[in-house]
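The structure appears below as structure tokens.
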Amino acid sequence: MLKALKRWLRDRALRGDAVHCPLCDRGAIAFLPSGTPQRPHALCPFCGSLERTRMMGLALTQRGLPKAGQRVLHVAPDRSLRERIQAVPGITYIAGDKKEPGYTYPPGTVDLDVTAIPFPADHFDLLICSHVLEHVPDDRAAMRELFRVLKPGGLAILLVPLSTRPTTDEDPTVTDPDERQRRFGQRDHVRLYGRDYVDRLRAAGFTVTVERPAATLPADAVFRFGLKADEDLVLGTK
Ligand SMILES: [Zn+2]
């Protein structure tokens, strides 16, 4: 009860119209700092969305996706985008995550190894796999699996942390978390993708397009939706 009251007071204090979250459709006085190193203007105080989640939400809204009757696979879903998609009537929504002991998952979450996806070929109209592949040792197998389960004509949103370097930095012998942090950007990342990320996706079968949504919007909209100016939306089709 006290927790609910605190939450209500906090939400009231943060309500505003300086920024707007396209996922929970609420206005706030600001997005909050998040991440290590900390990024200002990152986290929605209401639904917890981040810059990339809002970018994906806007991309789906622009395309009118998902549509009633479609099947969606969301790998390792974040709450804000999951709730936005699950609210669409008439879709089949599957959340999949590699279940680890000690963690809890939303009801209905499928235990999913992305290198051996337990669904038939040509099954999903929409796939979302964001910030997963950089954790997966055999990412090429994962990409092939994602391609396999995507329906011809379907859409896959395939985001990873991307450096501006031309080639991916990876070394399976680097297992020390501090060294992974230094070299790959996070203690549990096994590589840092370069611009050749799209070549790996193409090798798995995808037709790849890379968009930069913030570049197509006026600066005030980029600020209002809390997008990163230089973040790419990597899309795969079949
Ligand atoms: Zn939100």
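The values are calculated or read from the model by the stated rules, or taken from the named source; none is laboratory data. Note that this is a predicted model, so its numbers are computed, not measured. Please note: Cβ atoms are built from the backbone with ideal geometry, for glycine as well, and neighbour counts cover all protein chains shown. Keep in mind that these areas ignore ligands, DNA and RNA; they rest on the heavy atoms of the full protein, side chains included. Shrake-Rupley method; radii C 1.70, N 1.55, O 1.52, S 1.80 Å.
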Seminar exercise, completed: Listed by chain and number, the aspartates and glutamates with an alpha carbon less than 20 angstrom from that of LYS3, same-chain partners under 8 positions apart left out, are ASP11
Exercise. At a 1.4 Å probe, what is the % contribution of carbon and sulfur to the accessible area of the chain?
Worked result: 55
Problem set entry | Residue among LEU150, LEU14, LEU201 with the largest mean-square fluctuation in a Gaussian network model of the chain, springs linking Cα atoms under 10 Å | LEU14
Seminar exercise, completed: Inter-part gap, Cα centre of the stretch 34-82 to Cα centre of the stretch 104-169, in whole angstrom, is 16
Problem set entry | Accessible area in square angstrom per residue, the stretch 97-174, 1.4 angstrom probe | 50
Seminar exercise, completed: In Å, the Kirkwood estimate of hydrodynamic radius for the stretch 198-238 over Cα pairs equals 11.3
For this session: Return the percentage of antiparallel bridges among DSSP beta bridges fully within the chain, rounded to the nearest 5 %.
Result: 50
For this session: List the aspartates and glutamates whose Cα lies under 14 Å from the Cα of LYS228, skipping any in the same chain that are fewer than 8 positions away.
Result: GLU51, GLU211, ASP220
For this session: Quick one: grab the alpha carbon gyration tensor of the stretch 1-77, order the square roots of its eigenvalues as a ≥ b ≥ c, and give me rounded if a/c is under 1.5, else prolate or oblate depending on whether a/b is larger than b/c.
Result: prolate
Problem set entry | Average Cα contact separation per residue, the chain, under 8 Å, 6 or more apart, as relative contact order % | 16
Problem set entry | Three-way shape label, the stretch 50-237, alpha-carbon gyration tensor, a/c 1.5 | rounded
Seminar exercise, completed: In the stretch 102-216 the DSSP beta bridges are antiparallel at a rate, in percent to nearest 5, of 30
Exercise. Where does the charge balance sit around ALA4 when Lys and Arg score +1, Asp and Glu -1, over other residues with C-beta under 14 Å from its C-beta?
Worked result: +4
Seminar exercise, completed: Neighbours of GLY57 by Cβ distance under 15 Å: Lys/Arg at +1, Asp/Glu at -1, summed charge +3
For this session: Could you pull out the GluC sites (Glu not before Pro) across the stretch 84-189 that fall in loop regions by DSSP (anything but H, G, I, E, B) with no more than 14 other Cβ atoms inside 10 Å?
Result: none
Seminar exercise, completed: Straight-line reach check, LYS99, cutoff 13 Å on alpha carbons, 8 or more apart in-chain or any other chain, hits among aspartates and glutamates -> ASP111, ASP113
